[in-house]
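Structure first, commentary second.
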Amino acid sequence: MTKPLGPYTPIVRSGELLFVSGQVGLRGGALVDGGVAEQAEQALSNLAELLRSEGATMSDVVKTTVFLVDMADYGAMNEVYVAAFGDHRPARSAVAVAQLPIGARVEIEAIARG
């Protein structure tokens, strides 16, 4: 499991809900090579790993928030997002931000049933 970048817990259970902190494209302590698609794929993989650690899957996700440094990356992120979730479509918000930790181009957080 990827070590958090700061003083927070990556996943928290509250009753039957799981709150997954924002995940960036970290693997082995560094951002993956490539652009937003590669980072989004790794971020979603990290998110899935955290869910598995609590006995949940991506199909248990009910809401996500996607943070993008550049909205021009929206389409590339969407392709990876659809591949990760398949036919499951949780509620989602996508917002542009000025900057993300460690120079990431995308960050994804989630709320899931646990």
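Worth a mention:
- Residues that are more than 14 Å from the chain's Cα centre (by Cα) and in a loop (DSSP other than H, G, I, E, B), drawn from the range 8-21: Y8, T9, G15, E16
- Selection over the range 22-41 of residues that are crowded, with 17+ Cβ neighbours inside 10 Å and either aliphatic (A, V, I, L, M) or under 8 Å from the mean Cα position of the chain (by Cα) (or both) gives a count of 9.
- When the criteria are applied in full, A56 meets the requirement of being modelled with pLDDT of 95 or more, under 26 Å from S14 (Cβ atoms), assigned to a loop (DSSP other than H, G, I, E, B) and in contact with a strand residue (DSSP E or B) (Cβ under 8 Å, 6 or more places away or on another chain).
- Some residue of the range 25-46 being under 12 Å from A104 (Cβ atoms), assigned to a loop (DSSP other than H, G, I, E, B) and touching a Leu at 6+ places or on another chain (Cβ under 6 Å): yes
- Failed criterion for L5 (all others in (1) among the hydrophobic types (A, V, I, L, M, F, W, C); (2) at pLDDT 95 or above; (3) in a loop (DSSP other than H, G, I, E, B) hold): (2)
- Residues being within 21 Å of A98 (Cα to Cα) and of a type in the set (S, T, Y) - total across the range 26-85: 3
- Residues in the range 1-21 that are surrounded by 15 or more Cβ atoms within 10 Å (Cβ to Cβ), hydrophobic (A, V, I, L, M, F, W, C) and either free of Cβ contacts under 8 Å to residues at least 60 places away in the same chain or within 15 Å of F85 (Cβ to Cβ) (or both): I11, V20.
- Failed condition for N78, given (1) over 12 Å from E107 (Cα atoms); (2) outside any loop (DSSP other than H, G, I, E, B); (3) in contact (Cβ under 8 Å) with a residue 12 or more places away in the chain: (3)
- From A98, A94, residue being out of contact with any Phe, Trp or Tyr (no Cβ under 6 Å at 6 or more places or on another chain) and loosely packed, with under 14 Cβ neighbours inside 10 Å: A98
The values are calculated or read from the model by the stated rules, or taken from the named source; none is laboratory data. Please read all numbers here as calculations on a predicted model, not as lab measurements. No Cβ is skipped: glycine too gets one built from the backbone with ideal geometry, and neighbour counts run over all protein chains shown.
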